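Visitor: Here you go, one structure.
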Amino acid sequence: MNSLSIARKSLEFTGLFEAELLLELMLRFWGHPCADDRDFRNDLLEKTAEVLRQAVAGGQVMQDVEAENTNFVAAMWYAEWLAADDHTVEFVESRREWLQIIQRTMPSCFCNPEDLSP
């Protein structure tokens, strides 16, 4: 596996303050129902790092993205997608809505870089 893979760089990014900031801004800007919950944000960042560790090890986590091309946004999306069914119907719906917004807003995060037009 290329040591400069997107997944490896993204995993390294999870240890930076900027990763916490990006995660919080994404949750707040697009209206995630748990945006104000610090424990949720910390847990989601840890789960994002775990997804990226899996990708760095060669495990493909998303159907349309090769493991080494898994980026921070896609890993965060996937971590939240796995956990989104944990609560009441209304709460689950609002979390699923956030997931859809992220995917629609940043579609380039959910494909391999070579699939993008120059």
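Taken together, the values in this text are just the output of simple stated rules run on the coordinates, not laboratory data. This is a predicted model, so every value here is computed, not measured. Using ideal geometry, Cβ is built from the backbone for each residue, glycine included, and neighbour counts are taken over all protein chains shown.
Visitor: Given (1) of a type in the set (A, V, I, L, M, F, W, C); (2) in contact with a Leu (Cβ under 6 Å, 6 or more places away or on another chain); (3) not in a helix (DSSP H, G or I), identify the lone condition not met by C34.
Guide: For C34, the exception is condition (2).
Visitor: Residues being more than 11 Å from the chain's Cα centre (by Cα) and not β-branched (V, I, T): count how many of those fall in segment 63-74. Please lay out each step first, then the result.
Guide: We begin by selecting, within segment 63-74, every residue more than 11 Å from the chain's Cα centre (by Cα); these are 63-69.
Still in the running and not β-branched (V, I, T): 63-64, 66-69.
Selection size over segment 63-74: 6.
Visitor: While we're on this one: Which members of segment 55-79 meet the condition of being part of a helix (DSSP H, G or I) and in contact (Cβ under 8 Å) with a residue 40 or more places away in the chain? Please lay out each step first, then the result.
Guide: At the first step, the residues of segment 55-79 found to be part of a helix (DSSP H, G or I) are 55-56, 67-69, 72-79.
Correct list: A55, V56, A67, E68, N69, F72, V73, A75, M76.
Visitor: For segment 12-26, which positions are of a type in the set (F, W, Y) and more than 19 Å from A55 (Cβ to Cβ)?
Guide: The initial filter retains those residues of segment 12-26 that are of a type in the set (F, W, Y), namely 13, 17.
The answer is F17, and nothing else.
Visitor: If you don't mind, another one. Quick check on S94: is it part of a helix (DSSP H, G or I), among the small types (G, A, S) and touching a residue at least 60 places away in the same chain (Cβ under 8 Å)?
Guide: Details: part of a helix (DSSP H, G or I): yes; among the small types (G, A, S): yes; touching a residue at least 60 places away in the same chain (Cβ under 8 Å): yes.
Considered against the rule, which asks whether it is part of a helix (DSSP H, G or I), among the small types (G, A, S) and touching a residue at least 60 places away in the same chain (Cβ under 8 Å), S94 comes out as yes.
Visitor: Of the residues that sit in segment 7-54 and are basic (K, R) and in contact (Cβ under 8 Å) with a residue 40 or more places away in the chain, which one is surrounded by the fewest Cβ atoms within 10 Å (Cβ to Cβ)?
Guide: First, pick out the residues of segment 7-54 that are basic (K, R): 8-9, 28, 38, 41, 47, 53.
Going one step further and asking which of them are in contact (Cβ under 8 Å) with a residue 40 or more places away in the chain, we end up with 8, 53.
Details: R8: 18, R53: 15.
This residue is R53.
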